[in-house]
Amino acid sequence: MRRRQFLRVAVLSAGVWGVGSLAGCGSQEGSASGSRSITSASEFSTALPVPPLLEAAKNGDISHYSMRLQAGTSSIVPAGPSTTWGINGPFLGPTLRLKQGEKLRVDVKNDLPETTSLHWHGMRVPADADGGPHSEIAPGETWSPEWTVDQPAATLWYHPHPHGKTESHVYKGLGGFIIVDDTEEPTEFPHEY
């Protein structure tokens with residue numbers, strides 16, 4: 001279990017480092033030796049947003065999550081706002097933090113102008129809860145998969161997976177993190193989101 005936890009922290013750290021590196025793209029200077037440095041921290045005017053944790057409502061022993069796919073606008077570049085899609089907001093989606101053995105239901109409502117889907121990438125789920133191209137959600141419809149978390153600790157993500165349109169739907173902003181916690185977490189690792 002310690003190795004798996006170490007790998008999870010290493011992957012999370014690498015992801016944070018990678019996102020931080022992308023935030024500086026275009027603001028770095030190269031030198032003849034190939035080294036780079038950030039020119040000025042004051043050039044960055046938009047903080048890196050941290051998605052909120054999605055809280056579950058409890059219905060007996062089932063955790064009930066609600067996700068609304070919606071259009072919005074977001075200021076991503078200085079040129080002005082862009083039309084974006086998000087989950088429970090205008091861009092990207094909240095983080096799902098799940099536990100081994102947790103029983104859950106996710107109501108996914110599509111308030112977008114196009115048919116889409118929501119796939120739990122890397123999550124062990126039954127086929128009818130997978131959210132691939134076979135699980136389309138038409139505009140105005142709600143899809144409600146249910147499953148029990150049956151896998152070790154992991155950092156995963158969710159994203160749309162409609163046939164032939166996955167790339168454009170992710171590009172518009174649909175996606176978010178899933179964190180699966182072990183039932184017994186070592187105390188030497190961070191636990192706060």
Discussion item. One quarter of the convex hull surface, Cα atoms only: what value does that give for the range 118-167 in nm²?
Written reply: 3.9
Fill in: Volume in Å³ per residue [convex hull over Cα atoms, computed for the range 55-109]
71
Practice prompt. Please arrange His163, His119 by counting, for each residue, the other beta carbons lying within 10 Å of its beta carbon, fewest first.
Written response: His163, His119
Worksheet item: Translational D (Stokes-Einstein, µm²/s) of the range 79-193 at 4 °C and 1.567 mPa s when Rh comes from the Kirkwood sum over C-alpha pairs?
Response: 86
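How long are the three semi-axes of the equivalent ellipsoid for the range 82-129, computed from the Cα gyration tensor as the root of 5 times each eigenvalue, in whole Å, largest first?
Details: eigenvalues 111, 38, 18 Å².
Its equivalent ellipsoid spans semi-axes of 24, 14, 9 Å.
With 10 angstrom as the radius, rank Ile76, Ile137 by how many other C-beta atoms surround their C-beta, starting from the fewest. Display every interim value, and only then the final one.
Details: Ile76 13, Ile137 21.
In order of increasing Cβ crowding within 10 Å: Ile76, Ile137.
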Worksheet item: Under a Cβ-Cβ cut-off of 15 Å, what is the net charge of the residues other than Thr83 that fall near it, where Lys and Arg count +1 and Asp and Glu count -1?
Response: -1
Worksheet item: Can you sort Val125, Val77 by how many other beta carbons sit within 10 Å, fewest first?
Response: Val77, Val125
Worksheet, complete the sentence: So the pair-distance distribution of the range 140-188, from every Cα-Cα distance in 5 Å bins, comes to percents of 5, 14, 16, 21, 17, 13, 7, 5, 2, 0
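Taken together, the values in this text are just the output of simple stated rules run on the coordinates, not laboratory data. These numbers were taken from a predicted model, which means no experiment stands behind them. Glycine gets a Cβ as well: all are built from the backbone with ideal geometry, and neighbour counts include every protein chain shown.
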